[in-house]
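Before any comments, here is the structure.
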Amino acid sequence: MIGVNEDPTGSTLSARADLVLPCLDEAEALPWVLGRLPEGWRAIVVDNGSTDGSADLARSLGATVVHESRRGFGAACHAGLLAATAPYVCFCDCDGSLDPALLPGFVARIAAGESDLVLGRRRPQSRGAWPAHARAGNLALSRMLRSRTGLRLRDLGPMRAARREALLDLHLTDRRSGYPLEMVVRAADAGLRVTETDVPYLARTGRSKVTGTWRGTWQAVRDMRAVLNAPPAAPATTPAPASGPAEVTR
């Protein structure tokens, strides 16, 4: 396994990374997720309106907590990106389905110049880890993404890594379920190299807020279809405005 501060060739990297963890009622999974944080990295837990004490628990476990009042996966992710300060930013679900300890390998590929945006291709480790309706939605989106950008990705999973400045330069605007897809589409439009690598996909802790039902899955697909149908973003000449203040606590 690639070490926390090593690239695939074994040389030591000086790269630092912030890990953004969008969070809505994930107190049950947080101890395991934060316990898998790579050494020397900072966890940014973006609380998106939890009522189960997730924010206080994350803070007690050493994470930086950002409070994002606007509901939406994209709103939480972007608030975390704006709060990040490290050269590299990683994203991971906060439900225990993905292992943050694997992310140094993602960053190593970027630092070595092999990729600009690395995505984790989810490989389910149990029968119930990835419901059929969620797989069907992901397959449909992958095909639409190929038609729109030419990228031959097999998954649009939430586990990913990139340079912070490269992500900010994409000026992402979606604040709902389309955010992860918009990141990939705009990266492709900008000429960034997008690659994927296999990661184990575990059964999540608790019920999914998006893909736990057919309705939630297809609402997400609808959001993402809107992203794919949008025209390519015009090159920005000035920085995009911040998406609104987010409260940061430690």
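The values are calculated or read from the model by the stated rules, or taken from the named source; none is laboratory data. The structure displayed is predicted, hence computed values, not measured ones. With ideal geometry, Cβ positions are generated from the backbone for all residues, glycine too; neighbour counts draw on all protein chains shown. Heads up: the accessible areas ignore ligands, DNA and RNA and are worked out on the full protein's heavy atoms, side chains in. Shrake-Rupley method; radii C 1.70, N 1.55, O 1.52, S 1.80 Å.
Taking square-rooted eigenvalues a ≥ b ≥ c of the alpha carbon gyration tensor, is region 107-210 rounded, prolate or oblate, where a/c under 1.5 means rounded and, failing that, a/b exceeding b/c means prolate?
prolate
Express the carbon and sulfur contribution to the solvent-accessible surface of region 36-119 as a percent, rounded to the nearest whole number, probe 1.4 angstrom.
Looking at region 36-119 in its full context, I get 49 percent from C and S.
Given Cα pairs under 8 Å that are at least 6 residues apart, what percent is the relative contact order of region 115-164?
Once normalised by length, the contact order is 60 percent.
Quote the charge dipole size of region 142-196 about the Cα centre in Debye, to the nearest 20; the model charges only the Cβ of Lys and Arg (+1) and of Asp and Glu (-1).
It comes to approximately 180 debye.
What shape does region 13-163 take by its C-alpha gyration tensor, where a ≥ b ≥ c are the square roots of the eigenvalues and a/c under 1.5 counts as rounded, a/b above b/c as prolate, and the rest as oblate?
oblate
Students sometimes get this wrong: rank Phe91, Phe73 by accessible area, probe 1.4 Å, all chains present, largest first.
Largest to smallest exposure gives the sequence Phe73, Phe91.
Need the full-extension length gain, Trp32 to Arg16, defined as separation in residues times 0.36 nm minus the C-alpha distance. One decimal, nm. Walk me through the numbers on the way to the answer.
Details: separation 16, 0.36 × 16 = 5.76 nm, distance 2.15 nm.
Contour length minus the Cα-Cα distance gives 3.6 nm.
Beta carbons within 10 angstrom, averaged per residue: use that to sort the peptides 46-52, 15-21, highest first.
Numbers: 46-52: 20.3, 15-21: 22.9.
Packing order, densest peptide first, comes out as 15-21, 46-52.
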